[in-house]
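The values are calculated or read from the model by the stated rules, or taken from the named source; none is laboratory data. Values in this document were obtained by computation on a predicted structure and should not be read as measured data. Here the Cβ positions follow ideal geometry from the backbone for every residue, glycine too, while neighbour counts run over all protein chains shown.
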Amino acid sequence: MIIVPVVSRFIAKWFKLDTGSGRVLIFSGSTRNSLVVLPLALALPNELSTLVAAVIVTQTIVELAGELIYIRLVPNLILREKTT
């Protein structure tokens, strides 16, 4: 979540994306669909399923906290609207 905004900003500039598309690139690049595999993790044997489910839920909580930080930082610092 720390390097994705920097990399995405360079990619957006390289492909000449508008501000909105650059922001989408930053937000979508920083998250994963870990909750999709949660049912598979819960199907594992008991000892393992609890650990894997805890890792998946913890990762999701960290991503949500990061997205809240992104909501403030991306428009204000990382990828501002271009004024003409």
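Count of segment 66-81 residues, restricted to those that are more than 17 Å from Ala12 (Cα to Cα) and touching a residue at least 40 places away in the same chain (Cβ under 8 Å), is 2. Search segment 50-84 for residues being of a type in the set (D, E, K, R) and at pLDDT 90 or above, and hand back the single one that is surrounded by the most Cβ atoms within 10 Å (Cβ to Cβ). Of everything passing the filter in segment 50-84, Glu63 is surrounded by the most Cβ atoms within 10 Å (Cβ to Cβ). Among the conditions (1) exposed (fewer than 11 other Cβ atoms within 10 Å of the Cβ); (2) within 16 Å of Pro75 (Cβ to Cβ), the only one that Glu47 does not satisfy is (2).
Scanning segment 8-30 for residues that are of a type outside the set (A, V, I, L, M, F, W, C) and buried (at least 16 other Cβ atoms within 10 Å of the Cβ) yields a total of 5.
Tell me, which helices (runs of 4 or more DSSP H) wholly within segment 9-84 include 3 or more residues that are in contact with a Lys or Arg (Cβ under 8 Å, 6 or more places away or on another chain)? Passing ranges, in order: 19-30.
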